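**Q** Quick one: the structure is below, and I'll ask about it shortly.
The values are calculated or read from the model by the stated rules, or taken from the named source; none is laboratory data. Just so you know, these numbers come straight off a predicted model, no measurement behind them. Ideal geometry is used to build each Cβ from the backbone, glycine not excepted, and the neighbour counts take in all protein chains shown.
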């Protein structure tokens, strides 16, 4: 695959054709990997293509018609990729849905999308999905990837994944020919946004948006790193647009192998085993990995701690300019004694980790740069495919930017600073929502709702969400995400939200780090009890000290003057975070608004 011209991607009319083309080229080469009974096993490109055609035929036999929607509820696994492409190959539209959704969430998406069928991976997930399907108006077919135990179906029909496919004859040639008729403007998938501000909306992503993103991402890999036999480790939810495009369609465009991680709890081990060349990640993971690396080094004695300190000092100088002559011997020593060990933890052949989904604190990027790992920050949203920009070493890595826009994108900054985008990456609109579509798409321009600017090298800098900007009582604008990001870099603080709209100063809601809390309690000879600790003045003083450290690096209007502690961590399960790990401000304000208001008294 090395040296393939990126113009080939431009010729694809749709992602289904792209998949079949790569499957034809790669044949019996390994494609999709899973870990079973302690060993990694692969499915070849040919096997995947055969299964796609078998499932596509089964879906049509069950009554799927062109344009029909199919809800797909599955963790990351080979069958997700198979089902996704089978739905589109059969002429349908995939509706990927979070495995963490509640029955109410599933019911909303089923009714809004008017899905005819649902594909669900496990019995546990099927329990929630089935209840939603029973109350839906249109969905009457459920396909279980794993066997489902259903006592009574009523007017809903249940089907077994393996049995459905076993009765169908693979027809790669026939489906590849019919896929060529799918146009770039045709709807590929309907992805419901995470809903940081309310009920999720269905974003209509056409094939052209996905192809555009694959083309732009491929240009970065081939021109800046060299396109070879790439290996991806997929662990972010495939129901999220970022992983759906960046962790599935992009690797397929490259002809890459995809390994499906066993879960976040085993991610570190999976990285070391698999040795990915490219990883698609979110900032929160980097923050966790940074703390783990630091804690691991901290326990290893004086020499490793000295090497880490020197690595961070020299790495920062290198990032901002170049390594001074006097530091070069130490830099060479680090290249022998420290950086190879860190790279080995990440599999040993990582070209780049690409961060997206939320803003990345520049300090995190510089940290990994200092250890010899390339970290690129990307930017986009579901409405833009979702990738709109990404850092590139050839342009110069600047961690407070998201790099230049992908090729073939028009960028405009509105008078109020809002970023506007135009090009093939832009969505068709919001499903059955003309009012919101009219607000987001004006004369072909996507109004992103993000505030940003282009620097002297054409790199895009995003300062905040337009709707999240805090305007204090003096009219000063404050970007809360920047402040929150800096707070969570402190070892004492796991999560944070700041507020202060129309107020004289900022206040914060803090979730203390559980591991730090446990260590603090042990060191101070007190029980590790959340309720008691919240009344412990020394514990509260330690948390305040962390906030004070952050305040030293903040402008006067950004300083957090007072804080209160949350009752529990922000999670997807309690509705305080989206599945892509963004805080839901409106939910947190509803829960803690009175307590935060009291901080002004």
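**Q** Sort out for me the strands (runs of 3 or more DSSP E) sitting completely within region 351-395 that have 2 or more residues that are at pLDDT below 95 and more than 16 Å from residue 481 (Cα to Cα). Walk me through how you get there before you give the answer.
**A** On the way: elements: 352-355, 375-380, 387-390.
In region 351-395, 352-355, 375-380 are the strands (runs of 3 or more DSSP E) which contain 2 or more residues that are at pLDDT below 95 and more than 16 Å from residue 481 (Cα to Cα).
**Q** Please find, within region 431-463, the residue that is nearest to residue 68 (Cα to Cα) out of those that are touching a helix residue (DSSP H, G or I) at 6+ places or on another chain (Cβ under 6 Å) and modelled with pLDDT under 95.
**A** 449
**Q** What residue, of 496, 542, 546, 521, is modelled with pLDDT of 95 or more, assigned by TED's automatic domain parsing to the domain that holds residue 478 and closer than 30 Å to residue 240 by Cβ?
**A** Checking each option against the conditions leaves just 496.
**Q** Quick check on region 584-598: of everything there that is out of contact with any helix residue (DSSP H, G or I) (no Cβ under 8 Å at 6 or more places or on another chain) and under 16 Å from residue 508 (Cβ atoms), which residue is surrounded by the fewest Cβ atoms within 10 Å (Cβ to Cβ)?
**A** Ranking the qualifying residues of region 584-598, first place goes to 594.
**Q** Next up: Report whether or not residue 507 is surrounded by fewer than 14 Cβ atoms within 10 Å (Cβ to Cβ) and either out of contact with any strand residue (DSSP E or B) (no Cβ under 9 Å at 6 or more places or on another chain) or in a strand (DSSP E or B) (or both).
**A** Here the answer is no, as residue 507 does not meet what is asked.
**Q** Out of the residues in region 122-144 meeting the condition of being touching a strand residue (DSSP E or B) at 6+ places or on another chain (Cβ under 7 Å) and in a loop (DSSP other than H, G, I, E, B), tell me which one is surrounded by the most Cβ atoms within 10 Å (Cβ to Cβ).
**A** 139
**Q** Going through region 329-338 one residue at a time, which ones are crowded, with 19+ Cβ neighbours inside 10 Å and either out of contact with any helix residue (DSSP H, G or I) (no Cβ under 8 Å at 6 or more places or on another chain) or in a helix (DSSP H, G or I) (or both)?
**A** Across region 329-338, the qualifying residue is only 334.
**Q** Please list, ordered by residue number, the strands (runs of 3 or more DSSP E) wholly in region 16-85 having 2 or more residues that are out of contact with any helix residue (DSSP H, G or I) (no Cβ under 9 Å at 6 or more places or on another chain), assigned by TED's automatic domain parsing to the domain that holds residue 187 and modelled with pLDDT of 95 or more.
**A** Numbers: elements: 30-36, 39-44, 69-73.
So the answer is 39-44.
**Q** I've got another one for you. Only helices (runs of 4 or more DSSP H) wholly contained in region 223-291 count here; list those with 2 or more residues that are surrounded by 24 or more Cβ atoms within 10 Å (Cβ to Cβ).
**A** The qualifying helices (runs of 4 or more DSSP H) are 241-244, 250-254.
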